[in-house]
Every structure is written in structure tokens, then in C-alpha cells.
1. Return the only residue of LEU26, LEU41 being surrounded by 11 or more Cβ atoms within 10 Å (Cβ to Cβ), of a type in the set (A, V, I, L, M), out of contact with any Gly (no Cβ under 8 Å at 6 or more places or on another chain) and at pLDDT 80 or above.
2. Could you please give the count of residues in segment 20-65 that are of a type in the set (S, T, N, Q) and within 20 Å of GLY9 (Cβ to Cβ)?
3. Which ones in segment 40-69 are touching a residue at least 24 places away in the same chain (Cβ under 8 Å), among the hydrophobic types (A, V, I, L, M, F, W, C) and closer than 25 Å to SER27 by Cβ?
Amino acid sequence: MANEFWKYGLAAGIGVVVGAIGMTILSRGGMDLKKAASMILSYGMDMKDKAAVAVETAKENIEDIAAEARHEREQRKAVTRS
């Protein structure tokens, strides 16, 4: 469930940013539409890559915290049994 939230939230956020960049570029005028679309798409790809790295880093950090918590729990159980 949380995984789907991140996917859709990330896609929506990227869409908003890419749209804002596109509107800014096109409103300046004097640019070829194909060139502008290419530039916007390249920025969107950069943002997607950065967001994917951030999400992966957060996922790894959460997995590390969960592993440490499991280890602490096992240590408490071992002390309690003794």
C-alpha cells in the first residue's frame, strides 16, 4: 500500500514540476517546440532518477533500522531467559 502511494505521489510530483518547467519555457517564446519538449523531458528524467535514489536510500535506511530493532529484541529476549 505504501509502495503504491510513493509511486503515484512521485509520478504526480514529477508531472507538476515538469509541467511548470514546460510552461515557463514555452511562455518565454522564441523556442522550437521540439527542442523545448526534449529539454523538459531530459529534466524530468533527471528528477526521476534523483527521486528514485532518494526513495531507495530511505528504503535501505528503514530496512537497517528494522534489522537493528530485531537484533535488540533478540538480545532482550536472551537476557530475559537467563
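The values are calculated or read from the model by the stated rules, or taken from the named source; none is laboratory data. Since we're looking at a predicted model, the values are computed, not measured. All Cβ positions, even for glycine, are placed from backbone atoms using ideal geometry, and neighbour counts span all protein chains on display.
1. Going through LEU26, LEU41 in turn, the sole match is LEU41.
2. The first filter runs over segment 20-65 and keeps only residues of a type in the set (S, T, N, Q), leaving 24, 27, 38, 42, 57, 61.
Filter again for within 20 Å of GLY9 (Cβ to Cβ), leaving 57, 61.
Total satisfying the criteria: 2.
3. Matches in segment 40-69: MET47 only.
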